[in-house]
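The values are calculated or read from the model by the stated rules, or taken from the named source; none is laboratory data. None of the values given here were measured: they were computed from a predicted structure. FYI the Cβ positions are ideal-geometry reconstructions off the backbone, even for glycines, and counts take in every protein chain you see. Ligands, DNA and RNA are excluded from the accessible area calculation, which covers all protein heavy atoms including side chains. Shrake-Rupley method; radii C 1.70, N 1.55, O 1.52, S 1.80 Å.
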There are 2 protein chains.
Amino acid sequence: MSFALDDLDEVSQTLKLLGDKTRLTMMKLLEKQECCVCELVEIFKTSQPSVSQHLRKLKDAGLVKEHRKGQWIFYSVNPNSMQNELIQKLIAFVPSQDHELEELDKKGLRISCD
Amino acid sequence: MSFALDDLDEVSQTLKLLGDKTRLTMMKLLEKQECCVCELVEIFKTSQPSVSQHLRKLKDAGLVKEHRKGQWIFYSVNPNSMQNELIQKLIAFVPSQDHELEELDKKGLRISCD
DNA sequence: TCATTATATAACTATATGCTTATATAATCA
DNA sequence: TGATTATATAAGCATATAGTTATATAATGA
């Protein structure tokens, strides 16, 4: 069961976070598929600190979770966040990012473990 | 018929706009009921220029419409905006602002024309 | 253990944002 | 017409934000 998020501050805080193109796209990507930082650096064509700082904000808000696999840290959307119902509705409006993941595969830059 | 808003920039731009507590609350209010600037000044307990500037941003994005009645200019949510489907989903998560309108009535500060 | 790779964090900078004060425009009313 | 009321806009300021560079931490592998 997901309980409704009915608090003005939390809604506006969440919208402010996702009012950034990079973070909004990240959520769309990480909803479908967990990614490590270096994959996101490749996808967003930006610096590693920039990616880490965006992820930090999403994590602080509880929107993503992380787990380490060896040297990599993988991030994905936290399905148990209080804001998840809102998040799901939002990212439905964001264009699919599947092509980004396919690009990664093509370039052989996809990280996979186990 | 409402057509889906499927553009990353427009979605993130809309979320950034509504990632402000004042503007988010305004949209919730103006969805239910048109208000003039002076009513919003009373409700938000802030300055008139501040309210006007927020409304300006919402209007520039096409999210609200205005019409003058005598000396007052009334604003309301524009149901024909390209983002309306997204807006409706968003403001469903915002707590009702009915009490604000009731407060106005009680204080005799509600503007009505015709 | 040392070098390499992945990630996080800190400090700095440039730009964006929201509010304030002051002023301009527009409508109403005496 | 002049005073009042409602609203918009401009300029200035303080804070927030996102990116950069430099550095720290952590895991891997030779």
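Only Cα sites of chain B enter the Debye sum here, all with the same form factor; the resulting log10 I(q)/I(0) across q = 0.14, 0.16 1/Å is -0.56, -0.72, listed in q order. Take A:Glu10, move 7 Å from Cα toward the beta carbon, and the resulting point lies 3.0 nm from the same point in each other copy, nearest first. What whole-number distance in Å separates the alpha-carbon centres of segment A:39-114 and segment B:31-53? One Cα centre to the other: 39 Å.
Taking the chain by itself as reference, segment B:7-26 contains these residues with an accessible-area loss of 30 Å² or more in the full protein complex (1.4 Å probe, heavy atoms): B:Leu8, B:Asp9, B:Val11, B:Ser12, B:Leu15, B:Gly19, B:Lys21, B:Leu24. Counted without the sites themselves, the longest stretch of chain B free of trypsin sites (Lys or Arg not before Pro) in a DSSP loop having at most 16 other beta carbon atoms within 10 Å is B:46-106. Label-point spacing at A:Asp98 relative to the other copies reads 4.3 nm, in ascending order, each point sitting 7 Å out from Cα along Cα→Cβ. When the solvent-accessible area of segment A:6-114 is split by element, carbon and sulfur atoms take up 46 percent of it, the probe being 1.4 Å. The solvent-accessible area of A:Asp60, taken with every protein chain present and a 1.4 Å probe, is close to 100 Å².
Hey, which lysines would be in cross-link range of A:Lys28, C-alpha to C-alpha under 23 Å, not counting anything within fewer than 8 residues on its own chain? Candidates past the 8-residue exclusion: A:Lys16, A:Lys45, A:Lys57, A:Lys59, A:Lys65, A:Lys69, A:Lys89, A:Lys106, A:Lys107, B:Lys16, B:Lys89. Residue-wise HN-Hα couplings along segment B:48-61, as the Karplus relation 6.51 cos²θ - 1.76 cosθ + 1.60 with θ = phi - 60° gives them from phi, are 5, x, 4, 4, 4, 5, 5, 4, 4, 5, 5, 5, 4, 7 Hz; Gly and Pro carry x. Accessible surface computed residue by residue for segment A:8-106, with neighbouring protein chains in place and a 1.4 Å probe, gives 48 Å² per residue.
Express the relative contact order of chain B as a whole percentage, based on alpha carbon pairs under 8 Å and six or more residues apart in sequence. Before the final figure, lay out each step's value.
Values: 105 pairs, mean separation 38.0, N = 114.
It rounds to 33 percent for chain B.
Diffusion of the protein assembly as shown by Stokes-Einstein, at 4 °C in a medium of 1.567 mPa s and with Rh set to the Kirkwood radius over alpha-carbon pairs, works out to 67 µm²/s.
Annotation for the A:B interface, with buried accessible surface near 2100 Å², both sides summed [1.4 Å probe; non-protein components not counted].
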